[in-house]
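The values are calculated or read from the model by the stated rules, or taken from the named source; none is laboratory data. Quick caveat, the model's predicted, so the values are computed rather than measured. Glycine gets a Cβ as well: all are built from the backbone with ideal geometry, and neighbour counts include every protein chain shown.
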Ligand code: DGY
């Protein structure tokens with residue numbers, strides 16, 4: 001069987017999967033795109049019985065699930081990120097892991113720029129003030145900063161980072177980046193500059209975090225790193241919450257090291273309403289909606305299915321991790 005961890009994905013996804021096997025859909029109860037994962041015992045049971053698991057972020061495929069998967073051949077996630085899957089262990093067990101790169105690049109980059117403008121121009125705060133009837137009294141505190149002439153530092157220049165850089169150039173923002181691998185062709189094509197990480201952090205007005213979460217990059221932004229950022233910088237994270245030590249981020253915001261932060265991702269998702277971050281006026285929060293456009297989510301769901309179809313037909317998914 002082919003186990004799909006959520007109901008409510010676009011119909012075209014289930015139809016494609018039915019071409020290559022019997023599809024079993026778990027009644028997750030929430031939105032198919034909820035970051036709340038399905039219970040571990042459900043995944044273990046599915047891994048025991050099925051050849052393929054089609055999942056979303058939050059559905060944790062760890063050693064226990066993989067060990068249960070006697071017949072399991074492929075795990076296909078409808079996401080580009082794979083930090084919810086023990087990819088190394090899957091490889092050792094001979095289980096293929098597939099994901100959905102490229103199709104969400106524009107949607108995530110659009111949101112990143114939206115978050116930049118939201119936090120620098122206090123859009124969400126202004127909205128809250130109007131709704132609470134207090135906008136007139138505090139008008140003076142709704143001052144933002146211009147984008148033009150500022151420097152943005154992109155940390156981790158993958159496809160999403162490049163798409164953000166392209167957009168920022170249109171605002172006359174000077175763009176620099178740091179990445180483990182230098183990309184001269186992108187520097188040339190977009191007119192952006194490579195910098196060592198410390199120099200990037202200490203000179204950027206807007207810091208965009210777009211790198212993948214791996215065991216090596218967990219808490220990449222810790223106290224030491226926040227201590228190096230330019231005073232008054234804005235921090236935007238559209239990658240993964242686990243890249244950031246949240247306590248260190250909150251301290252940097254409280255100390256005025258950061259003027260603001262705009263976050264689409266958190267180490268715990270969904271972020272509890274009573275979380276400290278939710279009480280801070282200089283923080284803009286969105287619930288992991290980087291790829292949440294109708295067109296993009298449809299393509300992600302279909303591609304997750306196409307990976308499985310391709311695997312059963314040719315022995316290889318379209319996008320293996
Ligand atoms: C991804 O694809 O990894 C996003 O974070 C979820 O859409």
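For this structure, a couple of remarks:
- Taken together, 57, 117 contain a single residue that is farther than 25 Å from residue 26 by Cα and either assigned to a loop (DSSP other than H, G, I, E, B) or away from the ligand (no atom under 16 Å from the Cβ) (or both), which is 117.
- Candidate set from region 76-89 (those that are within 14 Å of the ligand (Cβ to nearest atom) and outside any loop (DSSP other than H, G, I, E, B)); member that is farthest from residue 13 (Cα to Cα): 87
- One residue from 133, 149, 140 being away from the ligand (no atom under 14 Å from the Cβ), in the same structural domain as residue 233 (by TED's automatic domain parsing), in a loop (DSSP other than H, G, I, E, B) and at pLDDT below 95: 133
- Scan region 276-286 for residues that are exposed (fewer than 15 other Cβ atoms within 10 Å of the Cβ) and assigned to a loop (DSSP other than H, G, I, E, B) and the total you get is 1.
- Yes/no for residue 299 being more than 13 Å from the chain's Cα centre (by Cα), at pLDDT 95 or above and surrounded by fewer than 16 Cβ atoms within 10 Å (Cβ to Cβ): no
- Flag if residue 49 is over 30 Å from residue 167 (Cβ atoms), away from the ligand (no atom under 16 Å from the Cβ), surrounded by fewer than 24 Cβ atoms within 10 Å (Cβ to Cβ) and free of Cβ contacts under 8 Å to residues at least 12 places away in the same chain: no
- The number of residues in region 121-159 that are touching a strand residue (DSSP E or B) at 6+ places or on another chain (Cβ under 6 Å) and either over 29 Å from residue 240 (Cα atoms) or crowded, with 19+ Cβ neighbours inside 10 Å (or both) comes to 6.
- Considering only residues in region 1-20 that are touching a helix residue (DSSP H, G or I) at 6+ places or on another chain (Cβ under 7 Å) and surrounded by fewer than 16 Cβ atoms within 10 Å (Cβ to Cβ), the one that is farthest from residue 297 (Cα to Cα) turns out to be 1.
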